[in-house]
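The values are calculated or read from the model by the stated rules, or taken from the named source; none is laboratory data. Just so you know, these numbers come straight off a predicted model, no measurement behind them. In this analysis, Cβ positions are derived from the backbone assuming ideal geometry, glycine residues included, and neighbour counts consider all displayed protein chains. Quick note on the areas: whole protein, heavy atoms, side chains included, nothing else; ligands and nucleic acids left out. Shrake-Rupley method; radii C 1.70, N 1.55, O 1.52, S 1.80 Å.
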Amino acid sequence: MSNMINVFLILISISFMTVLSFNCGSNQINNTVHMVSSPKSKRQLDSKYTPIKIKMDYTYLESQGKSQYLTSKIKNVLDVTISLFESLLSINHIDFQYTNLHAVYYCGIKNYNKDITNWGTQYDLVIFPYFNDSLVSTSIQAAATACLAIEETMQPKMGVIMINPNLDFNQQNSEKFLELLFLHEMSHVLIFHPTFFINLNMLTSKVINNERIYYINSPKVVEKAKLHFGCSSIIGIPLENYGGQGSAGSHWESRYMLGDYMIATDYPEIVISDISLAVFEDSGFYKVNYYSGGLFRFGKGEGCDFFNKNCIVDQGTPFANEFCVNSQEPFCTSGHISKGHCYMVKYNSNIESYYQYFSEANIGGYAPAAYCPISFDHLYDKSDYYLSTNCKLGKKSTIHSDYGEVIGDNSICVESSLVPTSSSQINMFRSICYLAKCDKDNQKVILTIGSGNVVCPKEGGTLNDPSGYKGKVNCPDYNSICTSNEWCNDPLDCIEKKIEADTSSYSYSYQLRGVEANAAHYIGRLSLFSISILMISLLI
């Protein structure tokens, strides 16, 4: 094993937890991937790829004495998640001889289906979900890891998913939320694991601010990243390197991939990027259907400066779609999927010098995103809703109910103070959800506000007092909304509709610009205090 690999393994202890903060122990789950030699598994020259077949063995889950309602709900969600991967991934099936010892000694499963020995010709992967009562008193919702892989090819063959029995199905959107959660967790079993990254030679590294930063630099990932960011010299996409045992090394760095489903923190905008799907393809195990709908928009077209410059420069930002400078100001997520406000806080201690963007050394933004101020939903009531600020699925604001807000399919978030010209209402600036549609002939976004429409210019920008209204609205760029031939609302919807990004009208044709993207300068150790105060609950 190379020196780089040794350093990587020493620097990070991984537990792959879904947690409320990064502070979790690696003792919650054994994340060792055991290698088993299987000469039959050597790749064939006449590879034939078919949709992946994943077997969930529910034997242990069903034997643990939890309520039938809870067990049934979990099984339903996991079955949906399997079907999503069957749409996304194809694999060259190779027979494998599963044994009882694999389940017991390599995966630590106490109760399993004895028919496992017959599954090797039918299934490409076996996963054992189970409840863990020790998680009840923690913020961990689920954890997952591969536990068995073929030595000759590194292809995963077995995995485990550990589940908190206190998962709440009473909140609105619970099943959608948990489908996204398990989509994330199962991705750790399939490929997002340091063992796979290392042994498949998908990593490179650089030392930045005395920290060694690891990047996924596999060919398809780099290709998709260059296309998305508009930078021809990207060396790869950085992995989270600190933040505790539940995030480092197995997730994207949020400073560059905020909103993607494989970042290490909860974020109200959850989408699948082509960059994440490219990781699956670069493994060599899978053929990938890029059913992402182009919904990942963070950093889109920002060029090499997005990697070479700070998010905040001289108290302002060069990247107004991603970052902000006015604390608590209404600010939608970069994909216009969720409402939020500009997240800036005063920490109890000074932030590391290379994260200090403001005159006061303890003022900063969202710690997991290198303390950059971003859109976050911290001012909204989320007590009875998962994804409460999501414009497709969330909770309609009582404050916004008289201002034309619509929650549902085809809604997007914009910042607006518009009210009808005849209205006596106060035109206070807010992030709000409006119905939207794409005029592909004229390449403009049309917003429906109450009984009228507002036509946005193709390039977006602020409209003041549009016809029939008073106030202003920050229109989105056409290319940031109209990303596919057919509208899809969220990653699950895109997969179900089998929608890919439309590169014919969804413009990736901007000029590749900027200087060489050396490396991200702004990733480093998160302070323990800043981590502990964050309320983070979803995708680790």
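Loop-located chymotrypsin sites (Phe, Trp or Tyr not before Pro) across region 136-226 with a Cβ neighbour count of 15 or fewer within 10 Å are PHE169, with loop assigned by DSSP.
Ranking SER139, GLY108, LEU61 by how far each Cα lies toward the positive end of the dipole of region 38-147 (charges on Cβ) leaves GLY108 at the top. Legend: residues SER424, SER139, sorted from most to least accessible area (1.4 Å probe; ligands, DNA and RNA excluded), read SER424, SER139. The magnitude of the dipole of region 146-223, with charges of +1 and -1 set on the Cβ of Lys/Arg and Asp/Glu and taken from the Cα centre, is near 240 debye. Normalising the average separation of contacting C-alpha pairs (under 8 angstrom, six or more residues apart) by the number of residues puts the relative contact order of region 143-215 at 29 percent. Distances between every pair of Cα atoms in region 335-480, grouped in 10 Å steps from 0 to the bin holding the largest one, split as 11, 35, 30, 18, 5, 0 percent. Cβ-Cβ distance of ASN442 and ASP409, R₀ of 25 Å, FRET efficiency by 1/(1 + (r/R0)^6): the value works out to about 0.65.
Nothing charged except the Cβ atoms of Lys and Arg (+1) and of Asp and Glu (-1): what's the magnitude of the dipole of region 84-224 about its Cα centre? Round to the nearest 20 debye. Before the final figure, lay out each step's value.
Details: 8 positive and 13 negative charges, 66 e Å.
For region 84-224, the charge dipole is close to 320 debye.
Cross-link pairs exceeding 22 Å in C-alpha to C-alpha distance, out of LYS206/LYS346; LYS48/LYS157; LYS176/LYS287; LYS176/LYS220, comprise LYS206/LYS346; LYS176/LYS287; LYS176/LYS220.
Sorting the segments 96-105, 220-229 by their residues' average number of neighbouring beta-carbon atoms within 10 angstrom, most packed first, yields 220-229, 96-105.
What does the highest-first list of 408-417, 485-494 look like by mean Cβ count within 10 Å?
Values: 408-417: 21.6, 485-494: 19.6.
Ranking, from highest mean packing down: 408-417, 485-494.
The amide H of LEU148, built 1.01 Å from its N in the peptide plane, has HIS34, LYS157, MET158 as neighbours under 5 Å, considering only residues 5 or more places off or on other chains. Overall, region 324-460 carries a charge dipole of about 220 debye about its Cα centre when +1 sits on the Cβ of Lys and Arg and -1 on the Cβ of Asp and Glu, all other atoms neutral.
Across the options SER349, PHE296, ALA361, the greatest Cα extent toward the positive end of the charge dipole of region 261-420 (unit charges at beta carbon of Lys, Arg, Asp, Glu) belongs to PHE296.
Over the Cα atoms of region 158-211, the radius of gyration divided by the Kirkwood radius equals 1.17; this is the Rg/Rh ratio.
Could you tell me which of the pairs LYS73/LYS382; LYS472/LYS497; LYS53/LYS437; LYS226/LYS309 are separated by over 25 angstrom between their Cα atoms in the structure shown? Pairs exceeding 25 Å: LYS472/LYS497; LYS53/LYS437.
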